[in-house]
Amino acid sequence: MRMPLVIGNWKMHGTLGEARVLATALRDGLKRPRGVEVVCCPPFTALAAVAEILGAGPIQLGAQTCHHEAAGAHTGEVSPAMLADLGCRFVLLGHSERRRELGESDGLINRKVGAALAHKLTPVLCVGESAEERRQGLTFTTVEGQLRAGLAGLAGDTLGRIVLAYEPVWAIGTGVTATPGQAAEVHGYLRGLLSELASKEAAQKTRILYGGSVSADNADALVAEPEIDGALVGGAALNAQGFIAIVRKAARVGAAAKE
Ligand code: 13P
């Protein structure tokens, strides 16, 4: 059985003071989450402070991106080695906002996935189609291209160490969520591809999260789908009580659905 996973992506939000308040509320509100793994991904500027607040507790730390080299002359970048040193365990890669705003290519994302794995970080590879691609019936083609390119050249046994996130671009920050059926269909397709690229066992072990306007109101219907192993939460992760409600639903409904 796959343990449900809920990740909060704080994106470019929060002063250091606000990050401390949010991290403290999460730590105090989720002292012993059962049957669910929880990760929060603050901006780089708050990682060290949040790491200190979360300490050795159950909420794990993640970053929102990383460079593909361990060190070097790359002004403004942060390496996977630096993230591991700070206590990060996860790193989001290939988020559509970075693909779109910063032109991150599948090739670059692939190098980042390899670098994250080499530094014992769990890459959370994000894939998803735009509204136009869905309208043209290109959803599967798009996510397949992103998945194959993102994982190209990686050894089959390392593929079992990644997390995938299906985040349809049209659902991010729009309040329009994919229906549980729409999401489950894509998740099933991605799992089939993983099975081919890695192995059936690795594909069965891999968590595939849904992201895009997840809230406390829709989280249960989404994670009730056997193919949906948790959520990658943006806006709703900035509110401690809202995020905690999502985590509790994922733990309860997710576990029941996957028994
Ligand atoms: P929202 O939950 O704000 O739609 O963002 C989703 C997302 O992009 C998480 O990575």
If r is the Cβ-Cβ distance from Asn239 to Arg32 and R0 is 35 Å, what FRET efficiency results, to the nearest 0.05?
0.95
Going 7 Å from the Cα of Glu201 along its beta-carbon direction, which residues of the stretch 160-174 have the amide nitrogen within less than 19 Å of the resulting point?
160-163
Dipole of the stretch 1-66 [Lys/Arg +1, Asp/Glu -1 at C-beta], most positive-end residue of Gly35, Ala46, Gly62
Gly35
Zone of Ala131 (label point 7 Å along Cα→Cβ, backbone N under 13 Å): which residues in the stretch 164-194?
169-177
Just want to confirm a number: the relative contact order over the chain, from Cα pairs under 8 angstrom separated by 6+ residues, in percent.
22 percent
Tell me what the chain gives for mean residue ellipticity at 222 nm when only DSSP H runs of n ≥ 4 count, each as -39,500 (n - 2.57), the sum divided by the residue total, rounded to 500 deg cm²/dmol.
-13500 deg cm²/dmol
Run the count for the chain, please: Lys pairs, Cα-Cα under 25 angstrom, 8 or more apart or on different chains.
15
Positive end of the charge dipole of the stretch 170-248 (Lys, Arg +1 and Asp, Glu -1 on Cβ, about the Cα centre): tell me which of Gln241, Gly212, Ala178 has its Cα farthest that way.
Gln241
Among the Cα-Cα pairs of the chain, the proportion with separation greater than 25 Å, in percent, is 38 percent
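Only the coordinates and a few stated rules stand behind these numbers; no lab work does. If you're wondering where the values come from, they're calculated on a predicted model, not measured in any experiment. Cβ atoms come from the backbone with ideal geometry, glycine included; neighbour counts cover every protein chain shown.
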